[in-house]
Structure formats: C-alpha cells, structure tokens
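Undergrad: Quick one: the structure is below, and I'll ask about it shortly.
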Amino acid sequence: MARRPLVAGNWKMNGSRDSNASLMHDVVFEARNFPDVDILVCPPAVYIESVGRMLEGSAIQLGAQTLSEQGKPGAFTGEIHGGMLRDVGCTHVIVGHSERRALYGETSNIVAAKFRTAQLCGLVPVLCVGETLEQREANQTEAVLMEQLNAVVSLCGIAAFKTAIIAYEPVWAIGTGRTATPQQAQDAHEFLRAQLAASDAKIASSVRILYGGSVKADNAETLFKCADVDGGLIGGASLKSAEFMAICAAAQMREK
Ligand code: PEP
C-alpha cells in the first residue's frame, strides 16, 4: 500500500525567537513545492506556540519532543501534559528518542506509558527505536528493536499503531555524520514491519516508518528509495532551511 512520506524536524534544544522566525519563513514558503510530503516540525516546548503561529495557513504540522507519561495534569513540576501540547496546537509528539532514553533514564516501559498518554490526549506519537553501536556489533539489533517495540504493543495493543509513526534511529548514526547504509535501514524497517505484521498485517503495511540518523540533502534520496522507508526524522539538518527543504524534495521525488 502507498504510504505518504513524512519528513519531521527534531530541533532538539536549539533555536531562538529570531532564528525560529527566519527558519519558518523559508520553510513555510518552500513547503508549497512538496504537496505529496507531510512535513512536521518539533521545536523546543517553550517555542511551540509561537512557531505554531508562524505555521498558520500552511500545511506544516506541529509536534513536541516529549511529554509527561502522567495521564492527568497535576503536581509534576517541570513536566508537560499531552493535553497542554494539544492546547497549543501540537498534533504529534516524539516519544522514546534515544537522547531521552540514554540521558534521562527513559526505559521502554516509560516510553510505552508516554505513547499511551499521547494517544489518550489525541496526539500522534512518533515512537523512536534503535540500537547502539555496541548492540549492533554484538548482533543484538533485532532483539533491541523487538524489546522497544513490544513494550508499546504490550501496553497499548497493535491497534494503537493505526495512529502512530515509528522512527528507526540507530543511536550510532544520530548527530555523528555516520548514516546507516540504505540496506541497513531497509533491513531494520522491514524487520519492524514484520514484527507488527505478526499481529496485524493491515496495520503493519499502513504504518509509516521513518529513518533517522544524520540524514542530509546528499543521502536522503537513496535512503527514501528503500521500500520500507517512509521518510525521515531529521535532527541537525532540520535547522537549516536549504538542507531541510532538499530532504523534503527527496521525499517528494520518491517513487514507490
Ligand atoms: C535525531 O535527533 O532524531 C536525529 C536523527 O539527529 P541527526 O539528524 O542530527 O542525526
């Protein structure tokens, strides 16, 4: 089945009011050239609302980089509830980014709880999964992907993937300039899809699986040509309008 490509920008802890305005000015203008691509931007929480205003009238969607796993708002200092993200215009939220797993102690169970809360709040979760270099070299890639994916399937059920996105992000490729080869990406994406297909073939064939890890203008096209790669989750290159737009152009050109 044909899956609409998605290019999502994860700004991480970058940006300022001025740089956001300049970046969004260019991206909103150029995005009209890519009608066959869904585009999503995920600014730091403090800028979500103002970036949302910059996106008004465009088709670009707005997401957050994480949310609280708590089901209800309340006494959780520093946390942000999914309902608040909806309130300021988010439609999507990244969950389980490897930086959150590695630096902030997010276990697969916490990630699964965040995924569930996101959906209960009406947000589309972008579930990040991926192995470290050590795990890849020890031939544990599939076991790691299975563990990260199964934590969500167990808690939320396979039907939850009707309205979710997966991002395969090998940790060794994030922010390193070292990209997975198209074959490595395809193998991992195919594996993830097969895992879901074991429970529900229709959902597996419709879920979008993005590749993330040093995607740039010059490697996006070959990655996006892979049968099971449905676009990208872009970190560093999403902060440069020309790079980000070139990646969107690669997604627009993709023929499947
Ligand atoms: C990311 O942060 O999800 C990411 C893929 O980063 P980069 O593109 O910079 O490797």
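The values are calculated or read from the model by the stated rules, or taken from the named source; none is laboratory data. Since the model is a prediction, treat every value here as computed from it, not as a measurement. Cβ: placed from backbone, ideal geometry, glycine included. Neighbour counts: every protein chain shown. When the accessible area is computed, the model is the full protein with side chains, heavy atoms only, and any ligands, DNA or RNA have been set aside. Shrake-Rupley method; radii C 1.70, N 1.55, O 1.52, S 1.80 Å.
Undergrad: Once the Cα gyration tensor of segment 17-90 is found, what semi-axes does its equivalent ellipsoid get, as square roots of 5 times the eigenvalues, in whole Å, sorted largest first? Please list the in-between numbers first.
TA: Values: eigenvalues 142, 35, 15 Å².
Result for segment 17-90: semi-axes of 27, 13, 9 Å.
Undergrad: Continuing with the same structure: Got a number for carbon plus sulfur as a percent of the chain's accessible area, 1.4 Å probe?
TA: Details: 6070 of 11660 Å².
Exposed carbon and sulfur together represent 52 percent of the surface.
Undergrad: Now, a different point. Read phi for every residue in segment 150-159 and hand back ³J(HN,Hα) as whole Hz from Karplus 6.51 cos²θ - 1.76 cosθ + 1.60, θ = phi - 60°, with x for Gly and Pro.
TA: 5, 4, 6, 4, 5, 7, 10, x, 5, 4
Undergrad: Share of antiparallel DSSP beta bridges in the chain, in percent to the nearest 5?
TA: Details: 0 of 27 bridges.
Beta bridges within the chain, antiparallel portion: roughly 0 percent.
Undergrad: On to the next question. Need one number: nm distance between label points at Ser205 and Lys162, each 7 Å from Cα along Cα→Cβ, rounded to one decimal.
TA: 1.7
Undergrad: Moving to a separate point now. Give the peptides 74-83, 99-108 in descending order of average Cβ contacts within 10 Å, highest first.
TA: Going by the mean number of other Cβ atoms within 10 Å, highest first, we get 99-108, 74-83.
Undergrad: Then there's this: How large is ³J(HN,Hα) for each residue in segment 33-47, as worked out from phi by the Karplus curve 6.51 cos²θ - 1.76 cosθ + 1.60 (θ = phi - 60°), to whole Hz, x for Gly and Pro?
TA: Per residue, the Karplus-derived 3J(HN,Hα) values read 7, 10, x, 9, 10, 7, 10, 10, 10, 10, x, x, 3, 5, 9 Hz.
Undergrad: First measure r as the distance between the Cβ atoms of Asp218 and Gln70, then evaluate 1/(1 + (r/R0)^6) with R0 = 45 Å and state the FRET efficiency to the nearest 0.05.
TA: Numbers: r = 42 Å, r/R0 = 0.93.
The value I calculate is 0.60.
Undergrad: Testing the spin-label approximation: label points 7 Å from Cα along Cα→Cβ at Asn33 and Thr181. State their distance in nm.
TA: Between Asn33 and Thr181, the label points sit 3.2 nm apart.
Undergrad: May I pose another question? What residues qualify as long-range amide H neighbours of Val95, i.e. H under 5 Å apart, gap of 5 or more or another chain, H built at 1.01 Å from N?
TA: Residues meeting the amide H criterion: Val126, Leu127, Cys128.
Undergrad: Now for a different question. To the nearest µm²/s, what D does Stokes-Einstein give for segment 6-255 at 10 °C and 1.306 mPa s, using the Kirkwood radius over alpha carbon pairs as Rh? Mind showing how you got there, number by number?
TA: Numbers: Rh = 18.0 Å.
Translational diffusion coefficient: 88 µm²/s.
Undergrad: Still on this structure, I have one more. Rank these residues by their accessible area, most exposed first, probe 1.4 Å: Phe191, Phe115.
TA: Working: Phe191 30, Phe115 0 Å².
Sorted by accessible area, descending: Phe191, Phe115.
Undergrad: Kindly report the accessible area of the chain per residue (heavy atoms of protein chains, probe 1.4 Å, no ligands, DNA or RNA), in Å². Kindly include the intermediate steps, with their values, before the conclusion.
TA: Working: 11660 Å² over 256 residues.
On a per-residue basis, the chain sits at 46 Å².
Undergrad: Arranged from highest to lowest average of other beta-carbon atoms within 10 Å per residue, in what order do the peptides 235-243, 4-12, 197-205 appear? Working shown, then result.
TA: Numbers: 235-243: 18.4, 4-12: 22.4, 197-205: 14.1.
Highest-to-lowest ranking by the protection proxy: 4-12, 235-243, 197-205.
Undergrad: Could you list, in their original order, any pairs among Lys72/Lys202; Lys72/Lys114; Lys114/Lys240; Lys12/Lys225 whose Cα atoms are separated by more than 23 Å? Provide the component values of the computation, followed by the final result.
TA: On the way: Lys72/Lys202 32 Å; Lys72/Lys114 12 Å; Lys114/Lys240 29 Å; Lys12/Lys225 26 Å.
Exceeds cut-off: Lys72/Lys202; Lys114/Lys240; Lys12/Lys225.
Undergrad: While we're here: To the nearest 20 debye, what charge dipole does the chain have about its Cα centre, counting +1 at the Cβ of each Lys and Arg and -1 at the Cβ of each Asp and Glu?
TA: Working: 23 positive and 27 negative charges, 92 e Å.
Once rounded to the nearest 20, the dipole reads 440 debye.
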